[in-house]
């Protein structure tokens, strides 16, 4: 228990430090970066809840980010604007206008509900079959978002989402996701799910009902991913279904994999590292283009470097930077006296 | 037969047409230690897998306290009170030792606090307290074996099936294990079925023996009788020895 508190204080402190630093510097860019960091943290921690504990790679999660973003948009775009932004919207939704804060929470629940329904039959699958079906699920969610024009404006950009996310709100949600991810890991469901991750057969032999455990984690993951998506929507204020597809999936996955999917520490540190790398690479890309180093514009440097970093980590350190133990446990083992009860 | 027994009746199992178990009947009573022996490939592990629901039966039935548990999924059978260990140790390698043991207790519905207390007592009992925070995968082979048995016991089973618990242990470790195992059935009011190749361990530990060869029961009864049974000697040492 003490170790988990230590982990929480270190990681939570790191998040607060980043946010406070971004405000002290007082540059608009840093404010944006810090907000994005906190939103990414929420998404990555959501994914960690499922992937880290179950050991099953899921491609589907960015789909639930999309559900969260669109749900919150539908609940908050002012009635007057809805006529323009979503001309085919169903009448019963036209007059709905909630406070963004309530809408963000509701959107998480919507994503969790959809996850509960669609994932139930998939949770008995393991290994490659589970990964491929999660990818298929992402394709289905993306296709629905792209074609359900009444709700999403189709493949076109949806405008008019009220700006509600600032760095404080994003940090608050990220801290909430951090507590939840740590608590879930130590819960009965979390512990049994981690047992099944290590050895499915032995977990069943001790009495673990694996599909049920995975299902719970998937729903919780979708809840946070949905909230993260809603936060993002209220930050960026206009988006299209393309935002919730392969590029974002790869980014979130690389954060988790580089940090180490099995630990919450890995999820947080991976998000910090990839966010920092992403922003500096984009800066370098911009500088190179301004300096006209080559006759062609430099495009895709960021993505390629990130992809190479992910490969390098997987080859050299397959479990990521924090493969098994949380930072609190590592420090306690290193410096503290051995603690008898967790 | 007492109604609180574990009974496997007329069990047959096939693997792609090949009969791995043929009409085997085995009973384990509470507080009894039964040894399941036989040459390699005789179907011992398959019988354990059949009882725990991990392989489908072609024929036969399994019952626990007169309740049919045939072809229930393994997790349900575990929750009914049958725990097992594996021939090749299967620990949760990235969980700590104490988390490994807690898992069985948690799966059976114990609270986090109860599971922790129970696991600490088991660690103590098995002399593993100083290993509590090690990762399962980092242990020595002998320690892994002991953690696996402790994990099985954390479920408070009414029957415990151990598949070669002494494999890979040295003599001192085997003796210590023998000492622990001999007390378990009475202390915990459970029936123990044990597979092992170490005949001296089996003979010292078991009340009854059940001998399999090529998927069939060739002998069953008290340990002393089995030792002298010509069919058993033949199966183990070959026809020559039996007639010598």
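A short reminder: the numbers here are calculations on the coordinates, not readings from a lab. All figures in this text were calculated on a predicted structure; none of them were measured in a lab. Every residue, glycine as well, gets a Cβ built from its backbone with ideal geometry; the counts of neighbours run over all protein chains shown.
Using alpha carbon centroids, what distance separates the range B:75-91 and the range A:152-191, in Å?
Going from one Cα centre to the other spans 39 Å.
Work out how far the C-alpha atoms of chain B reach from end to end along every principal axis, then list the three figures in whole Å, largest first.
Its Cα atoms span 57, 39, 35 Å along the three principal axes.
Over the range B:92-156, what is the relative contact order in percent, taking alpha-carbon pairs closer than 8 angstrom and at least six residues apart?
52
Evaluate peptide B:81-92: per residue, the Cβ atoms of other protein chains within 10 Å of its Cβ; return the mean as an integer.
Mean partner-chain Cβ count within 10 Å for B:81-92: 3.
Could you identify which residue out of A:40, A:280, A:72 has the top mean-square fluctuation in a GNM of chain A using Cα springs shorter than 10 Å?
Answer for the Gaussian network model of chain A: A:280.
Stokes-Einstein diffusion coefficient for the protein assembly as shown at 10 °C in a medium of 1.306 mPa s, Rh from the Kirkwood formula over Cα pairs: what value in µm²/s?
Translational D for this selection: 59 µm²/s.
Evaluate E = 1/(1 + (r/R0)^6) for residue A:287 and residue A:116, where r is the Cβ-Cβ distance and R0 equals 35 Å; express this FRET efficiency to the nearest 0.05.
0.15
May I ask you to derive the FRET efficiency for residue A:331 and residue B:207 from their Cβ-Cβ distance with R0 = 35 Å, giving the value to the nearest 0.05?
Efficiency for this residue pair is about 0.10.
Of A:22, A:294, A:134, which has the largest mean-square fluctuation in a 10 Å C-alpha GNM of chain A?
With Cα springs under 10 Å in chain A, the top fluctuation among A:22, A:294, A:134 is at A:294.
Assuming R0 = 60 Å, what is the FRET efficiency of residue B:112 and residue A:295, from their Cβ-Cβ distance, to the nearest 0.05?
Once the sixth-power term is evaluated, E becomes 0.40.
When A:81, A:311 are ordered from fewest to most other Cβ atoms inside 10 Å of their Cβ, what list results? Walk me through the numbers before you get to the answer.
Working: A:81 14, A:311 11.
Lowest count first: A:311, A:81.
Roughly how tilted is helix B:141-153, in degrees to the nearest 10 and between 0 and 90, from the longest Cα axis of chain B?
90
Suppose a student asked you for the relative contact order of the range A:172-322, using Cα pairs under 8 Å spaced at least 6 residues apart; what percent would you report? Intermediate results must be reported in sequence, preceding the final value.
Working: 101 pairs, mean separation 29.2, N = 151.
The value is 19 percent.
Only bridges with both residues in the protein assembly as shown count here: give the DSSP antiparallel percent, nearest 5. Write out the running numbers ahead of the final one.
Details: 22 of 38 bridges.
Around 60 percent of the beta bridges assigned by DSSP in the protein assembly as shown are antiparallel ones.
Take the alpha-carbon centre of the range B:127-146, take the same for the range A:32-104, and report the distance between them in whole Å.
Here the two parts' Cα centres lie 45 Å apart.
Measure nothing fancy, just the Cα-based angle from helix B:112-125's long axis to the longest principal axis of chain B, in degrees from 0 to 90, nearest 10.
With both axes taken from Cα atoms, the answer is about 60 degrees.
Roughly what angle does helix B:97-107 make with the longest principal axis of chain B, taking Cα atoms, 0 to 90 degrees, to the nearest 10?
80
Can you pull the semi-axes for the range B:92-156, root of five times each eigenvalue of the Cα gyration tensor, sorted largest first, whole Å?
17, 11, 10
Expressed as a rounded percentage, what relative contact order does chain A have, with Cα pairs under 8 Å and six or more residues apart?
30
If each residue's Cβ is checked for other Cβ atoms within 10 Å, how do A:232, A:148 rank with the fewest at the top? Show your work: numbers first, answer last.
Numbers: A:232 28, A:148 14.
Going from sparsest to densest Cβ surroundings: A:148, A:232.
What does the structure give for B:72-78 when I average, per residue, the other chain Cβ atoms found within 10 Å of the residue Cβ?
5
Considering chain A as a Gaussian network with a 10 Å cut-off on Cα pairs, which listed residue, A:253, A:137, A:330, attains the greatest mean-square fluctuation?
A:330
Order of B:197, B:179 from fewest to most other C-beta atoms within 10 Å?
Numbers: B:197 14, B:179 10.
In order of increasing Cβ crowding within 10 Å: B:179, B:197.
Need one number: the % of Cα-Cα pairs in the range A:2-241 sitting beyond the 28 Å mark.
Cα-Cα pairs in the range A:2-241 separated by more than 28 Å: 36 percent.
Enter the mean number of other protein chain beta carbons within 10 Å of the beta carbon of each residue in B:128-139, as an integer.
That works out to 2 on average.
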